[in-house]
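Have a look at the structure below before the remarks.
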Amino acid sequence: MDPAAWDERYSGADLVWSGSPNVHVADLVGRLTPGRALDVAAGEGRNAVWLAERGWRVVGADFSPVAVRRMRDIADRRLGGDAERLEAVVADATQPAPGSSFDLVLFCYLQLADGPWRTALEHGVDACAPGGTVVVVLHAERNLGEGVGGPQDASVLHDPDAVVAAVADLPVDVEVAEVRERVVDGAGRPALDTVVVLRRLGDPSDA
């Protein structure tokens, strides 16, 4: 990953991503009681701003300074006097998270090869409070042959079983691990997304 390349991509006049939350995030997180959330690789803040609008206190992190500036601007416009609910910060997903004890840690389309992905997951789990939720939404590897859109590099695509294997030695319970369809406007078939929900366990010393 290259922050400069993403800075260039985010520097255009139009939003790179939709201003609406991801459909799977809206479905899964909409059921949770608002608390503190970390949105990893938040981009322009489509999910982070939506979370803040729903009463969450959110840290939206991305390694692109241009994306982070956009996230702050969008939060100011949409949240108004509640803009302080969203703290937009520059941070690399493969480094320790900017904060700890989050009730929710969100990974939405952070497509990394196995090693960096496993590192990012470990940091995300570390940042989640015991009893908290880690939500993972990815372009599935199955999407290459059966879906539409998304990266075309299999090395950064992960099916649910690969995510479950990646967290096998982390202090989490797997609550959901499945492929879900996502409607893509104008496409003849849906996209296939990996959706995994993890529950953070207590530290081993608490057992």
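Our coupling estimate for the range 106-116, obtained by passing each phi through the Karplus curve with A = 6.51, B = -1.76, C = 1.60 and θ = phi - 60°, is 10, 10, 10, 6, 8, 9, 10, 5, 3, x, x Hz, Gly and Pro reported as x. The alpha carbons of the range 94-207 give a radius of gyration and a Dmax of 14.7, 52 Å, in that order. Neighbours of Thr33, meaning other residues whose beta-carbon lies under 13 angstrom from its beta-carbon, give a summed charge of +3 when Lys and Arg score +1 and Asp and Glu score -1.
Charge tally around Thr94: other residues with Cβ under 10 Å, Lys/Arg +1 each, Asp/Glu -1 each, net -1. Counting every C-alpha pair in the range 15-68, the share spaced more than 19 angstrom apart comes to 20%. Per residue, the convex hull around the alpha carbon atoms of the chain comes to 117 Å³. For the range 22-28, 3J(HN,Hα) computed residue by residue from phi via the Karplus equation (6.51, -1.76, 1.60; θ = phi - 60°) reads 4, 4, 6, 4, 4, 5, 7 Hz, glycine and proline entered as x.
For the chain, leaving out every one of the trypsin sites (Lys or Arg not before Pro) that falls in a DSSP loop and has at most 16 other Cβ atoms within 10 Å, the longest unbroken run is 55-141. Taking the Cβ of Asp173 as the center, what net charge do the other residues with Cβ under 14 Å away carry, scoring Lys and Arg +1 and Asp and Glu -1? Net charge around Asp173: 0. Computed 3J(HN,Hα) for the range 30-47, one whole-Hz value per residue from the Karplus formula 6.51 cos²θ - 1.76 cosθ + 1.60 where θ = phi - 60°, is x, 8, 8, 6, x, x, 9, 10, 10, 9, 7, 6, 6, x, 7, x, 4, 7, glycine and proline marked x. Taking the Kirkwood radius as Rh and the Cα radius of gyration as Rg, the range 153-193 has a ratio of Rg/Rh equal to 1.09.
Read the figures in this text as sums done on the coordinates, not as results from a lab. Owing to the predicted nature of the structure, the values given are computational and were not obtained by experimental measurement. Because the Cβ atoms are built from the backbone with ideal geometry, glycine has one as well, and the counts that use them run over all protein chains shown.
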